[in-house]
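Here's the structure we're looking at; comments come further down.
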Amino acid sequence: MAPLLTLFLVALVGLPRAQALDCHVCAYNGENCFNPMRCPAMVTYCMTTRTYYTPTRMKVSKSCVPSCFETVYDGYSKHASTTSCCQYDLCNSAGLAVPGALALAPILLATVWAQALMCHQCKDFGGCTRAFRCPRNSNYCVTIATRVPLSLIDLPMVTKSCQTGCPDVSTLGLGPHVSIVCCQFSLCNHD
């Protein structure tokens, strides 16, 4: 038994030790960031994620991860996020040289933002001027004005919002003191 244990220990000593991966680990609101760090032993990837808030404003996050799935804009979220991974020391240092799909993210985001409907949104007596980008499924800007009969305030309560459809006053049972106006182009629900 002792010779077998000795043989096992000699073989074990001869094996190379697993090297920990070095990656940049940081977050920065801009083009790139650098902060080299030794990753835990079970980590096999350096990852870079770029989140584009507008075509010209992005956040870069770099980290160590045990597994990776590269992504490109999925069409559902407001912001385009792209992820790329690599498997050698400090391989996530690139700032400008990015994979092809990653380079398309600003274009994809600009296209989505250009297609998204913008509406004024508020709930107030009188005018509303705050403009917001609507969720992707919204296709109407809606203005609902409600007058309270016999009230001291003669101004209507105005609600402006993005909607997926145009509400019908008669089906809502709101009566003659409510008016609803719907339109389908950006910022069409102005005062």
Computed FRET efficiency, Cβ-Cβ of L187 and Q19, R0 41 Å: what is it to the nearest 0.05?
0.10
Length released on extending from N32 to C122, taking residue separation times 0.36 nm less the Cα-Cα span
28.7 nm
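Read the figures in this text as sums done on the coordinates, not as results from a lab. Keep in mind the model is a prediction, meaning the values are calculated, not measured. Quick reminder, even Gly has a Cβ in these numbers, built from the backbone with ideal geometry, and neighbours come from all protein chains shown.
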